[in-house]
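J.: Below is the structure I would like to discuss, written out as structure tokens.
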Amino acid sequence: MVFWFWILITVLAVPPIAYGLGMAALYLYVRWNYMGYLTRIFQEKPLFVIPRGEKPLDGEEVAIKTDDGLTLRGCYLKTAAPDRKGVILFGLEFGSNRWACRPYCEKLLEVGYDVFAVESRSQGESDKDPNYEPLQWVTDRDLADTRTTIKYLLSRPDADPRGIGIFGISKGGGTGFLAASNEPRVRCMVTDGAYGTHTTMIPYLKRWIQIYSDRKILQRVLPTWFYGIIGMVGAKKVARNRGVTYPSIEKAVGRLNRPLLMIHGEGDNYIRPEMAQALFARARGQKELWVVPKAKHNGALTVAGDAYHARVVAFFDAHLANNNPPSSSNPPAVS
């Protein structure tokens, strides 16, 4: 009944009040029949292979205490170059360990950058949070751990007084966006395979409804904003069940007025290039999106090789090694 009411008001172009009532009825219909599928999908873990690096012989092992008493395990890698150019915080992808930073950062270490990678709570050898099971979506717990890590980096005796750069992979890129948006001493950012919440969720919901509903007309007439509302409600339900919140990465990117290089795989079937482009469009200031042909999710380094290293080094040389930190002011958030 709800479904056909929606079709009638759409086809006959009835007045706004009837349209509003129809949308409200359709919302209740979708929520009643499909919200269970949505919350289940939101909690499924990704199927791609998660890399784990080998412990280097030259790394400084670091233990950092969080505000709630957990210990995070990190690895500080110092450059062998005679003059240090800067310090980079490496944001790990979901499930990887702190030594997975090495393949991405070997050229950065070689040319003069220190690199620091930390495993968030319940990941790797960091303490387990009994009330938190991490997924690929960035939560307030991940953000808190990254802020603690930045605070540690900036307070070290050998800290760079100019600030730091961030190099984040996949989930580590999203967490980096959130942390950097309110920390002016993060001077610039590189991400690879980063994704938002809203800009990722809506395309997945559109694909999801094609799988779970055989009503083709319903799939064609639902507006994009409707998917956004359903997705937001589903995410909040999952957040309540898991005892977390999901901060808006899109809003954080809109606040981040710092130099940005986003790298993404053209063949990424998990976070499609158009999802990355939608997130990139929200960024302000100097920015560049490099879509690597044929690369899968987090596979740009494997495909591009030396060109990948050269591009990342050139970016940090231009925006982190120089002595002119950007302004600490940020523009208003973009919703």
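Every number in this text was worked out from the coordinates using simple rules, so none of it is lab data. Predicted model only: the values in this text are computed from it and were never measured. A quick note on method: Cβ atoms are made from the backbone with ideal geometry, for glycine too, and the neighbour counts reach across all protein chains shown.
J.: Taking other Cβ within 10 Å of each residue's Cβ, how do Lys107, Lys171 sort, fewest first?
T.: Numbers: Lys107 14, Lys171 25.
Lowest to highest Cβ neighbour count: Lys107, Lys171.
J.: Skipping prolines and chain starts, which residues have an amide H placed within reach, meaning under 5 Å, of the one on Asn322, given they are 5 or more residues away or on another chain?
T.: Residues meeting the amide H criterion: none.
J.: Shifting gears a bit: Within the stretch 152-194, which residues have the backbone N less than 17 Å from the label spot 7 Å out from Asp83 along Cα→beta-carbon, could you tell me?
T.: 160-162
J.: What nm distance separates the two modelled labels at Lys128 and Lys65, each placed 7 Å from Cα along Cα→Cβ?
T.: Result: 2.3 nm between the two label points.
J.: Also: When the Cα centres of the stretch 281-316 and the stretch 116-193 are compared, how far apart do they sit, in Å?
T.: 20 Å
J.: Multiply the residue separation of Arg240 and Asp306 by 0.36 nm, subtract the distance between their alpha-carbon atoms, and state the gained length in nm to one decimal.
T.: Details: separation 66, 0.36 × 66 = 23.76 nm, distance 4.44 nm.
Stretched fully, the Arg240-Asp306 segment lengthens by 19.3 nm.
J.: Quick one: what are the phi-derived ³J(HN,Hα) couplings along the stretch 82-90, Karplus 6.51/-1.76/1.60 with θ = phi - 60°, whole Hz, x for glycine and proline?
T.: Once rounded to whole Hz, the list reads x, 10, 7, 8, x, 10, 10, 8, 9.
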